[in-house]
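A.B. asks: Structure below; questions to follow.
Just so you know, all these numbers are worked out from the coordinates, no wet-lab data involved. No experiment lies behind these values; they were computed from the predicted model shown. Positions of Cβ are backbone-derived with ideal geometry, glycine not excepted, and every protein chain shown enters the neighbour counts.
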Amino acid sequence: MTIAWYLAVSAIVFTLGAIGVITRRNPLVVLLCLELMLNGGNLALVAFSRMWGDGDGQILAIVVLTVAACEVCIGLGLVVAIYRRRLPIDVDEMRELHG
Amino acid sequence: MSSVLFFIAAIGVLAGAIGVVVLRNPIYCVLALVVHLVALAVLFLLLRAEFVAAIQVVIYAGAVMVLYVFVVAYVGGEAENIGARLRSAGPTGAALRRAGAILAAALLVELLIALLGTGLSAINRHGAAYTPGPQAYGTPAYIGKLLLTRFLLAFEIASFLLLIAAVGGVVLAGRSTGAVRDSDQAPGDGPPPESPSEPMGVPAITGSMAEGVGGSA
Amino acid sequence: MSTAAWAWLVLAFPLAGMLIVAFGFRVVWGRGAGWIATGAILLSFGASIGALISLQQHAPAHRQIVSTLYHYASTVGVNADMSILVDPLSVFMILVVSGVSTLIHLYSVSYMESDRGYARYFAYLNFFVFAMLLLVLAGNFLLLTVGWAFVGAASYMLISFWYRRSTATRAGIYAFVINVVGDVGMVLGTYFIFKHTHTLDLLGSFHAASGGAFGHATNNGDLVAGCVMLLVAAFAKSAQLPLHTWLPDAMEGPTPVSSLIHAATMVTAGVYLIARTHTLFELAPSAQDVGAIVGVATLVVAGTIALAQPDIKRVIAYSTMSQIGYMIMGVSVGAYAAGMFHLMTHAFFKALLFMGAGSLIGAMAGEQSLDRMGGLRRALPFTFAAFVIGGLALSGIPPFSGFFSKDEILLVTGERGGWHWALYVLGYIGALLTAIYTFRMIFRAFFGEPVEEARKLEAGVVPHAHPANPATGEPEDTGVGFPGPTHAIAERALPMRVAMWLLALGAIGAGLIQIPKVDFVIDDFLRPSFGNSSLYATHTKNGLLTVGLVLGTVIGLVGIAIAYFAWVVRPGTATVVRERVPALYRLLANKWYFDAALERVVVAPMVALGRLARGDIERVFVDEALVGGTSAIVRAGSAAVRAAQSGFVRYYAALLILGVAGVSFYFLLQT
């Protein structure tokens with residue numbers, strides 16, 4: 001398949017992740033959808049790397065993967081801390097920074 | 001052959017993605033994401049990115065998702081009834097969802113146009129020629145060499161970031177100190193109501209993970 | 001030293017004195033502020049004499065010297081320089097101003113001794129002298145206007161010197177507002193003149209005017225308008241009809257202030273202005289006629305009002321108004337030297353009269369009404385002598401100075417002929433009134449049954465009374481902002497006596513320098529300033545001269561006799577006359593209803609307009625619509641923007657995606 005197909009898949013995955021971030025109320029699922037978006041980007045990177053024939057895209061995909069891991073760690077830690085404080089696990093309830 | 005594999009993997013990817021967004025129970029979402037990740041690894045293999053595919057399965061699907069499972073098991077959150085929520089949510093919530101869907105659709109259309117409509121003739125080809133060998137494109141040796149020569153700085157910074165994340169994670173979820181302990185509980189609160197995903201009640205005194213899992217001590 | 005240098009020194013000394021007293025008042029020991037201020041003006045007087053001597057060393061044709069300190073601005077054809085004009089007229093004025101000011105400063109050292117605002121007083125007084133000298137020495141219209149305005153400001157500050165007295169502050173504001181009307185006239189007049197002469201420089205303007213800048217016929221519209229505007233300024237400053245109502249109220253200030261500002265110097269600024277711009281006035285005879293008519297009207301009206309005033313300071317104030325009417329009339333008909341001469345002699349005897357009044361009021365422990373005074377002749381011999389000398393000079397009895405100066409004005413008026421005969425006759429009627437009211441004042445205060453204060457003084461005890469406002473009687477205290485606890489009497493204060501002695505010498509002897517047909521000191525001295533005037537002729541017809549001299553003497557003596565009869569021989573005469581013509585008496589006592597008319601015609605509509613502006617326009621339109629509306633718009637806008645900070649994380653994520661979509665859209669359009 002030409003590279004174009006891979007890019008199309010990447011775009012669809014990214015958009016699905018965006019919809020998920022906006023739509024879901026459980027912060028854990030929101031983080032999961034964030035992972036979806038990151039994966040979509042990864043796919044695009046690897047596809048382009050294959051297109052040009054050098055490994056830069058793959059390196060960047062590895063780095064993205066690393067960053068995603070860190071972010072998941074911190075995000076989950078946050079959710080656990082919120083849970084321990086007896087606050088509801090709902091992004092709509094956590095809006096103390098409203099203007 | 002590769003086309004067939006591509007379609008199977010692509011369908012797996014999309015199915016996993018849709019599952020994450022749509023499924024109500026958070027555990028099911030996590031499992032859908034695992035499916036998505038494994039299918040994505042197959043796609044990577046098709047793109048001759050062997051090392052990245054391996055990394056994806058081992059680390060992403062293997063470690064990060066396991067962490068997710070643990071936390072979802074601990075925290076849980078009720079299964080959402082999206083349909084009912086959509087209808088009963090406040091005006092902001094419902095409008096937001098509709099607007100969000102439209103926005104995302106718009107974004108998709110734009111991305112497709114951007115990615116596919118460019119004048120890059122290369123995306124209509126199959127990619128660069130592939131010459132197999134010990135340090136060929138996509139092999140671990142190849143990636144390793146690149147990491148340690150051209151992308152050394154990125155490598156070091158990424159490892160630094162991992163260290164920070166690890167420390168941060170421990171701090172965030174770690175044992176609460178004495179001053180905070182009392183205020184963790186709202187006055188007059190008894191043990192919180194049991195949720196179906198929790199095998200036992202959350203202890204009144206929150207402490208380390210061991211105490212939390214092993215009951216009050 | 002050059003003449004210009006002397007002239008700059010004349011300006012510098014009072015300015016330095018003011019700065020030292022004003023900024024050093026905590027450092028200057030005790031009563032030193034008064035002596036420093038007096039010293040500064042004395043030095044200024046010395047510099048004036050230096051300027052005089054130095055000026056006379058020039059040839060008569062070169063006695064108009066302009067000296068520029070720096071160029072202030074030069075735009076759109078207007079050259080504004082800091083330049084002074086030193087010529088006989090200005091040297092004459094600075095001599096009179098600095099000389100009389102020195103004596104008044106000396107008098108004030110004793111008079112204001114116990115006042116808490118001592119240093120402030122002398123700072124203001126020095127500032128006033130500086131401003132007056134600046135006005136007189138100004139070489140262009142700009143500096144003249146600056147001096148004009150400063151003098152008005154100093155007058156305000158000194159009238160309301162006792163600022164806790166509400167009548168004083170009201171009087172100060174009253175004077176200042178009328179002064180501002182005059183300032184407007186000054187600026188407008190300057191504009192009209194500048195429009196044709198294209199220069200602010202005084203000498204330059206006069207040359208341009210006589211060279212034909214206003215056309216070759218007289219009474220050019222713009223010139224007449226400009227001169228009438230200058231006349232408005234002169235009338236406001238010199239308290240002529242109808243802008244005179246501030247002067248009697250200005251008597252709220254301390255008595256030395258009244259004698260300096262409102263008798264000798266500031267009120268003569270209008271006379272100086274007309275004399276200085278005589279070139280322009282001679283090209284606009286209509287304006288001259290206006291000046292003459294207003295002068296003679298003021299002369300007569302003020303004289304009649306003075307007959308019915310009970311307050312001694314107000315009698316002297318109306319007398320000032322009347323005498324300045326003479327001067328204005330004089331310089332408007334061309335009697336420049338005579339007008340200036342009368343300015344000088346009037347400064348002497350009027351300042352002397354005010355000083356005497358200050359001593360008299362001090363002896364009466366603050367009481368100013370003639371109704372409560374009587375028989376103070378033996379208790380206050382020196383003050384009595386001062387009053388008599390001043391009164392004789394004022395009434396025009398030879399050989400005192402007032403006789404020569406006043407009669408010379410009337411002489412020149414009569415010589416103009418035509419309708420000026422009416423002015424001549426009215427001038428002598430005014431002289432009769434002058435003699436009557438002056439000696440009414442003297443006889444009522446010093447003759448008759450001695451009042452209680454007089455008996456106390458004869459016994460050697462200084463009378464004391466509870467401090468109170470002399471006009472309204474409301475009680476006061478003696479803190480800052482009110483007069484001090486002790487009152488000064490000439491018989492007990494040497495500086496006051498010295499000052500009064502010197503002024504008395506001037507009042508007696510100053511007339512001798514310009515005896516008609518005998519010596520022409522003033523005429524010759526001032527000739528270089530008025531050289532180009534067609535009216536400056538001094539040959540007088542002998543017949544008219546004799547008639548004038550005799551008539552003046554006779555009228556003065558008749559006036560004194562009438563006063564003597566009415567207030568010494570038969571003290572009840574005044575009451576009888578008052579009952580016979582009550583309407584006339586009321587007219588005079590209410591000052592010809594000028595105050596009431598001004599109140600109704602000008603003040604009340606302005607107050608109503610102000611209330612309308614505040615209540616309707618300010619409150620509704622500005623506060624609610626403009627200001628309130630603007631802030632309401634801003635508040636609504638920020639409320640709209642604030643809606644974006646909902647706190648929902650998903651909302652923010654949606655905005656992010658919207659942004660990404662937008663940016664991609666933009667880049668898509670680019671390709």
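A.B. asks: May I ask for log10 I(q)/I(0) of region B:1-78 at q = 0.17, 0.21, 0.24, 0.26 Å⁻¹, from a Debye sum over the Cα atoms as equal point scatterers with solvent left out?
C.D. replies: With one equal scatterer per Cα and no solvent, log10 I(q)/I(0) is -0.66, -0.90, -1.05, -1.14.
A.B. asks: Moving to a separate point now. Just to confirm a number: summing +1 for Lys and Arg and -1 for Asp and Glu over residues other than C:GLY427 whose beta-carbon lies under 10 angstrom from that of C:GLY427, what do you get?
C.D. replies: 0
A.B. asks: Specify the angular offset, from 0 to 90 degrees and rounded to the nearest 10, of the alpha carbon long axis of helix A:56-84 from the longest principal axis of the alpha carbons in chain A.
C.D. replies: 10
A.B. asks: Let me ask something else about it. Work through the residues other than C:SER74 whose Cβ is under 14 Å from its Cβ and net out their charges, Lys, Arg +1 and Asp, Glu -1.
C.D. replies: -2
A.B. asks: I've got another one for you. Is there a quick way to get the dipole size of region C:577-655? I mean about its Cα centre, with the Cβ of Lys and Arg at +1 and of Asp and Glu at -1; what is the value in debye to the nearest 20?
C.D. replies: 120
A.B. asks: Among the listed pairs C:LYS237/C:LYS456; C:LYS195/C:LYS350; C:LYS350/C:LYS456; C:LYS237/C:LYS406, which are separated by more than 31 Å between their Cα atoms?
C.D. replies: Violating the 31 Å Cα-Cα cut-off are C:LYS237/C:LYS456; C:LYS195/C:LYS350.
A.B. asks: I want to check the label-to-label distance for C:ASP623 and C:LEU512. Put each point 7 Å from Cα in the C-beta direction and report it in nm to one decimal.
C.D. replies: Going from the C:ASP623 label point to the C:LEU512 one covers 7.1 nm.
A.B. asks: Over chain C, calculate the relative contact order: mean separation of alpha carbon pairs under 8 Å at least 6 apart, over the residue count, as a percent.
C.D. replies: 13 percent.
A.B. asks: What is the calculated FRET efficiency for C:GLN56 to C:HIS464, with r their C-beta to C-beta distance and R₀ = 45 Å, to the nearest 0.05?
C.D. replies: The calculated FRET efficiency here is 0.30.
A.B. asks: What fraction, in whole percent, of alpha-carbon pairs in chain C exceed 47 Å separation?
C.D. replies: The share of Cα pairs beyond 47 Å in chain C comes to 22 percent.
A.B. asks: Picking from B:VAL22, C:THR320, B:VAL69, whose Cα lies most toward the positive end of the charge dipole for the protein assembly as shown (charges on Cβ: Lys, Arg +1; Asp, Glu -1)?
C.D. replies: Positive-end residue among those listed: C:THR320.
A.B. asks: Still on this model: Percent of Cα-Cα pairs per 10 Å bin, from 0 to the last occupied bin, for the protein assembly as shown, please list those.
C.D. replies: 2, 10, 15, 14, 9, 4, 2, 4, 7, 10, 10, 7, 3, 1, 0
A.B. asks: Using 0.36 nm per residue of separation minus the Cα-Cα distance, give me the extension gain between C:VAL581 and C:ASP289 in nm, one decimal.
C.D. replies: 101.8 nm
A.B. asks: With r defined as the distance between the Cβ atoms of C:THR478 and C:ALA597 and R0 fixed at 35 Å, what FRET efficiency is calculated, to the nearest 0.05?
C.D. replies: Efficiency at R0 = 35 Å is approximately 0.40.
A.B. asks: If you don't mind, another one. Give me A:CYS70, C:CYS227, A:CYS33 sorted ascending by neighbouring Cβ count inside 10 Å, so fewest comes first.
C.D. replies: A:CYS70, A:CYS33, C:CYS227
A.B. asks: Quick one: net charge around C:ILE361, please, counting Lys, Arg +1 and Asp, Glu -1 for every other residue with C-beta under 9 Å from its C-beta.
C.D. replies: Around C:ILE361, the charge tally is 0.
A.B. asks: Same structure again: Trypsin sites (Lys or Arg not before Pro), restricted to region C:457-553: which are DSSP loop and have at most 10 other Cβ atoms within 10 Å?
C.D. replies: Passing sites in region C:457-553 are C:LYS517.
A.B. asks: Other chains near A:37-44: what is the mean number of their Cβ atoms within 10 Å of each residue's Cβ?
C.D. replies: Mean inter-chain Cβ contacts per residue within 10 Å come to 4.
A.B. asks: Could I have the simple spin-label model distance between C:VAL425 and C:LEU203, label points 7 Å from Cα toward Cβ, reported in nm to one decimal?
C.D. replies: 4.5
A.B. asks: Here's something else I'd like to know. Could you list the chymotrypsin sites (Phe, Trp or Tyr not before Pro) in region B:1-84 that lie in coil according to DSSP, counting only those with at most 14 other Cβ atoms within 10 Å of their Cβ?
C.D. replies: none
A.B. asks: Ranked by Cβ crowding within 10 angstrom, fewest neighbours first, how are B:ILE27, C:ILE159, C:ILE305, C:ILE36 ordered?
C.D. replies: Result, fewest neighbours first: B:ILE27, C:ILE36, C:ILE305, C:ILE159.
A.B. asks: I've got another one for you. List the trypsin sites (Lys or Arg not before Pro) within region A:41-85 that DSSP assigns to loop and that have no more than 14 neighbouring Cβ atoms inside 10 Å.
C.D. replies: Within region A:41-85, the qualifying trypsin sites (Lys or Arg not before Pro) (loop, at most 14 other Cβ atoms within 10 Å) are A:ARG85.
A.B. asks: Restricted to Cα positions, what overall size does region C:539-637 have along the principal axes? Three whole-Å values, descending.
C.D. replies: Its Cα atoms span 89, 48, 19 Å along the three principal axes.
A.B. asks: I'd like the FRET efficiency for C:GLU491 and C:ARG170, computed as 1/(1 + (r/R0)^6) with the beta carbon distance as r and R0 of 30 Å, rounded to 0.05.
C.D. replies: The computed FRET efficiency comes out at 0.35.
A.B. asks: Now for a different question. Could you point to the residue in C:SER67, C:LEU411, C:PHE13 farthest towards the positive end of the protein assembly as shown's charge dipole, with +1 and -1 charges on the Cβ of Lys/Arg and Asp/Glu respectively?
C.D. replies: In the protein assembly as shown, that residue is C:LEU411.
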